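Read the structure below first, then the notes.
Just so you know, all these numbers are worked out from the coordinates, no wet-lab data involved. Model, not experiment: these values are computed from the prediction. Backbone-built Cβ (ideal geometry, glycine too); neighbour counts: all protein chains shown.
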Amino acid sequence: MTRPDAPDSARATLEKLLGMPLAEGFVEEAAGLARAVADTARQAAAALPPEARDPTGFLDTLESLGPPEKKE
Amino acid sequence: MADETIADLSLAEVADAIRAKRITSVEATEAALARLKRFGGPDRLNCLAGLDEEDALRQAKAADADLAKGRARGFLHGVPLAHKDMYFRAGRPSGCGSRFLNDVPARTTAAALERLDAAGAIEIARLAMVEFALGLTGHNVVVGTPRNPWNPAHITGGSSSGAAAAVAARLVYGALGSDTGGSIRFPAAACGIVGLKPTLGRVSRYGALALSFSLDTVGPLARTVTDCALIYDAIAGFDPRDPGSSRRAPEPTVPRLEGGVRGLRVGVPTSYFYDPLTPEMTKLVQASLEVFRAEGAQVIEVDIPDIAAANPLTLLITATEGAAAHGRQLPDHARDYGPQTLARLAAGLLVPASAYIEALAWRKALVRAFCKAVFERCDVLHVPVMVASPPTIAESDVGANPGFARQMTAMGHCTRPFNFLALPSISVPCGFAANGLPAAFQLAARPFAESTLLRASRAYERATDWHRQAPAL
């Protein structure tokens, strides 16, 4: 299977989604950025224990980490 | 009072002067309009996106009439402000720094504007910005790049580029910006003013241009910490129209502003933040710690978790969510986008969904680990904003050419981690580099501790005079 951020499939994907031909170098830069950040995400998540791999409820997490709420 | 004298007042001072009827809102507005017209255009700072003089004066006259009848609307009564051109007001277009939105009237009014209206402020202009708020340098190849008031050859920083330039140049008293990766703090630092990025969820994004649901924040840029606090207190609070809005009641920050830093623990990180800094920027930022010590704060070293991935993962989330936010208009308008904006959104179209979910999962784990490691040891974390003095517009104009991703990543080294962590952070001026461009430090705190951030920043500001220095235009 080809990754969508691989250069060979990136051009076809982007030209279809954007509806226009893309300049030489443009696709390589965009695909390179996508590949770099996606690899970073995989490496970061790999270090997480399975029970910590739930991305939902972020606002609740944030609120639980704040100072005690002052009630009127 | 002469126009120049009125322009030199801070937001807090002009609000006091209007309330006490030493000047009128019309006088303050006329002074601001005169400076916006003189210095804001394409031949000078290029920071203006739109100006409706007649409407501004109509609002100012109404504010004066209300005050004459003893009806002050709020603590910003009659104060002229202008905002980044991405806050929609019903019936009026907001261009969002783009080539194709300037003629599209908005259907609703942004929550932040509604709150400023309720506090009595009047909106007199729309300020230039980076195309769709995607970029830290301030370049905008489709509608024009604002110039830094301290040296017009240099960048303002972005994406709240026009807002930072206009406030620093004393054209307006304060402005709303937005911050997804540093877009309030970086331009505030580059232009020598104060910029506050609130905690995610603290200020409603309803009616503001959406870039990244997980990262977008709305906050003020102003000349002083007090001015920022006044705007922040007006706009903070729950809004059911923003699904990411926190129900926590906001604590007013102005009453605690002058509390000082005696006994406050100011943390200095032992890793990451200073790694790419120039020696000059390191020296300028670290010198500000001496002021905190002199004011009675306890400055301590703090070991922080490894956050190196936070910067690229902020780029990942921004690109992915940005691509989704632009999804419907991208195929019709792809040719209208500037190359760098399009490249960043294109990258978002290529990121696998699994990587996006992994980034969000790590974020939740990291914010817990970071708050435990850092904010159990200190009250605020003191770090740089910029890795180097702001470059010239020409030397940093990379577009979507090879290497643009590297430059973009490097510029957000110190700001993006706090977007990823969703923590409140503030940029405060702390001197000037040898080239005459401003320097700044950044403070971050635990979620919803804006009051502590502003109080600490105000203590520093009170002991220094960087905020009183104005660029020679």
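Just need the relative contact order of chain B here, percent rounded to a whole number, with Cα pairs under 8 Å and 6+ apart.
On the way: 1116 pairs, mean separation 80.5, N = 473.
Relative contact order, chain B: 17 percent.
Cα-Cα over 19 Å: which of B:K21/B:K61; B:K61/B:K84; B:K283/B:K372?
Details: B:K21/B:K61 13 Å; B:K61/B:K84 24 Å; B:K283/B:K372 29 Å.
Over 19 Å Cα-Cα: B:K61/B:K84; B:K283/B:K372.
Relative to the longest principal axis of the C-alpha atoms of chain A, give the angle of the C-alpha long axis of helix A:26-46, reported between 0 and 90° and rounded to the nearest 10°.
Computed tilt is about 40 degrees.
Sorted by mean Cβ packing within 10 Å, highest first, what order do the peptides B:281-289, B:43-51 take?
So the peptides B:281-289, B:43-51, ranked by packing, come out B:43-51, B:281-289.
Take peptide B:420-431, look around each residue's Cβ out to 10 angstrom, count Cβ atoms belonging to other protein chains, and average those counts. Before the final figure, lay out each step's value.
Details: counts 0, 2, 5, 3, 1, 0, 0, 0, 0, 0, 0, 0.
Mean number of neighbouring Cβ atoms from other chains: 1.
How big is segment B:126-240 by the Kirkwood estimate over distinct Cα pairs, in Å? Please list the in-between numbers first.
Numbers: mean 1/r = 0.0731 Å⁻¹.
One over the average 1/r among Cα pairs gives 13.7 Å for segment B:126-240.
Decide, for chain B, between rounded, prolate and oblate: order the square roots of the alpha carbon gyration tensor eigenvalues as a ≥ b ≥ c, take rounded if a/c falls under 1.5, and otherwise choose prolate if a/b is larger than b/c, else oblate. Mind dumping the intermediate values first?
Details: a/c = 1.41, a/b = 1.13, b/c = 1.25.
Rounded.
Among B:198-209, A:27-38, how do they line up by average Cβ neighbours within 10 Å per residue, starting with the highest?
Values: B:198-209: 26.0, A:27-38: 23.8.
Averaged packing, sorted descending, gives the order B:198-209, A:27-38.
Across bins of 10 angstrom width beginning at 0, how are the C-alpha pair distances of the protein assembly as shown distributed, in whole percent?
Answer for the protein assembly as shown: a P(r) of 4, 20, 31, 28, 14, 3, 0, 0 percent.
Using the count of nearby Cβ atoms within 10 Å as a rough guide to exposure, how do B:H77, B:H333, B:H382 rank from fewest to most?
Details: B:H77 20, B:H333 17, B:H382 25.
So the residues, fewest neighbours to most, are B:H333, B:H77, B:H382.
What distance in nm separates the two pseudo spin-label positions at B:R256 and B:K37, each 7 Å out from Cα along the beta-carbon direction?
Distance between label points: 4.4 nm.
Among B:E251, B:E4, which comes first, second and so on when ranked by fewest other beta-carbon atoms within 10 Å?
Working: B:E251 17, B:E4 11.
Placing the least packed residue first, the sequence is B:E4, B:E251.
Provide the three semi-axes, in whole Å and in decreasing order, of the ellipsoid equivalent to chain A as defined by the square roots of 5 times the Cα gyration tensor eigenvalues. Kindly include the intermediate steps, with their values, before the conclusion.
Numbers: eigenvalues 304, 59, 22 Å².
Whole-Å semi-axes of the equivalent ellipsoid: 39, 17, 10.
Please identify the DSSP H helices in chain B that span no less than 24 Å along the helix axis (Cα) and have a mean Kyte-Doolittle hydropathy of 0.0 or more. Spell out each step's value before the answer.
Values: long enough: B:353-375 (32 Å, 0.78).
Passing helices, by number: B:353-375.
Mind checking the dipole of segment B:3-468: about its Cα centre, +1 per Lys or Arg Cβ, -1 per Asp or Glu Cβ, Debye to the nearest 20? Show your work: numbers first, answer last.
Values: 49 positive and 46 negative charges, 150 e Å.
Rounded to the nearest 20 debye, it is 720 debye.
Averaged over A:9-22, how many beta carbons belonging to a partner chain fall within 10 Å of each residue's beta carbon? Show your work: numbers first, answer last.
On the way: counts 1, 4, 0, 0, 3, 8, 1, 2, 9, 10, 6, 4, 0, 5.
Counting other chains' Cβ atoms within 10 Å and averaging over A:9-22 gives 4.
Which cross-chain or sequence-distant (5 or more) residues have an amide H under 5 Å from the amide H of B:H154, H modelled 1.01 Å from N in plane?
Here the answer is B:N148, B:I393, since their amide H atoms fall under 5 Å of that of B:H154.
For n ≥ 4 DSSP H runs only, could you compute -39500 (n - 2.57) per run for the protein assembly as shown, divide by its residues and tell me the 222 nm figure to the nearest 500?
-12000 deg cm²/dmol
Count, for each residue of B:439-451, the Cβ atoms from other chains sitting within 10 Å of its Cβ, then give me the mean as a whole number. Before the final figure, lay out the partial values.
Working: counts 0, 0, 0, 0, 0, 0, 2, 4, 8, 6, 3, 0, 2.
The per-residue average across the peptide is 2.
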